[in-house]
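Data block below; observations after.
The values are calculated or read from the model by the stated rules, or taken from the named source; none is laboratory data. Predicted, not measured: the structure shown is a model, and the values here were computed from it. Cβ placement follows ideal geometry from the backbone for every residue including glycine, while neighbour counts extend to all protein chains displayed.
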């Protein structure tokens, strides 16, 4: 199905009593007119990226009205194709990189692109385009996608990144439980971002670090002149947590132990070769510090209708 600017798109209602939806193609992305297209819908006057399904009909623009009079592709006065494209691509607020967030969340859940598209009621090529191209998605389609991925529309759009997590109210029936030692290690996984807590002359200090778990120890990197370099030989705490804003559940794991400097040449060569852990903050961080836990504990919040792990 190929379209040109000015063509009319009609989407038949999928349920009894639901009227068809129509709109005008205001931009095409491929020279041959193949989908996806940018369509301005008559019911909302908003433009979205659209990938046609089996319920879609396309009426080609002929350049004449039924009386044979010349007609513009758009009945919007003084609206050029370039202006239409700009309006269609405008995004409210700070939506973030939607495609990468969708793909990342899908991979976290172990879902294929095909499984995700089927569950969200959208075409697989449409989801592929969404994940790989900067675009705006119709709110209804985005809501279905968020439901399949177990998250919210705002999170997929990157909203709230400058705010602390967990701002939603508590679940109706939360349950707080202790995690067994093996579960704590499972939650720590092999790498991620955690927080190191240490005492200083000015008082307690907590700093985020990228970490790596190896042979029952937690490893992080720091700069020789940084505050975390002073942890060597000191007893410190390391904490990792995770929350689910949608389900209002979460967990935290606390590790305590003495920090030691990794100066064994074979061990250092192995870590440097793998570049693990890889600090997001960048810079020269040529000290590898290991925490050998003397104690590890954790807690989890779940709801009464959530199955235990």
Discussion item. Given the criteria closer than 22 Å to residue 188 by Cα, in contact with a strand residue (DSSP E or B) (Cβ under 9 Å, 6 or more places away or on another chain), touching a residue at least 24 places away in the same chain (Cβ under 8 Å) and not in a strand (DSSP E or B), does residue 228 qualify?
Written reply: yes
Worksheet entry | Subset tally (residues that are under 27 Å from the mean Cα position of the chain (by Cα) and buried (at least 16 other Cβ atoms within 10 Å of the Cβ)) for the range 41-58 | 6
Response to the item:
residue 132 fails exactly one of (1) in contact with a helix residue (DSSP H, G or I) (Cβ under 7 Å, 6 or more places away or on another chain); (2) under 30 Å from residue 215 (Cα atoms), namely (2)
Practice prompt. Only helices (runs of 4 or more DSSP H) wholly contained in the range 71-127 count here; list those with 1 or more residues that are at pLDDT below 80.
Written response: 81-89
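Quick grid of which residues meet (1) surrounded by fewer than 15 Cβ atoms within 10 Å (Cβ to Cβ); (2) in contact (Cβ under 8 Å) with a residue 60 or more places away in the chain; (3) farther than 30 Å from residue 151 by Cα:
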{"position": "168", "(1), (2), (3)": "yes, yes, no"}
{"position": "171", "(1), (2), (3)": "no, yes, no"}
{"position": "187", "(1), (2), (3)": "no, yes, no"}
{"position": "191", "(1), (2), (3)": "no, yes, no"}
{"position": "201", "(1), (2), (3)": "yes, no, yes"}
{"position": "213", "(1), (2), (3)": "no, no, no"}
{"position": "222", "(1), (2), (3)": "no, yes, yes"}
{"position": "233", "(1), (2), (3)": "yes, no, yes"}
Worksheet item: What are the residues in the range 156-175 that are under 14 Å from the mean Cα position of the chain (by Cα), under 17 Å from residue 243 (Cβ atoms) and modelled with pLDDT of 80 or more, if any?
Response: 156
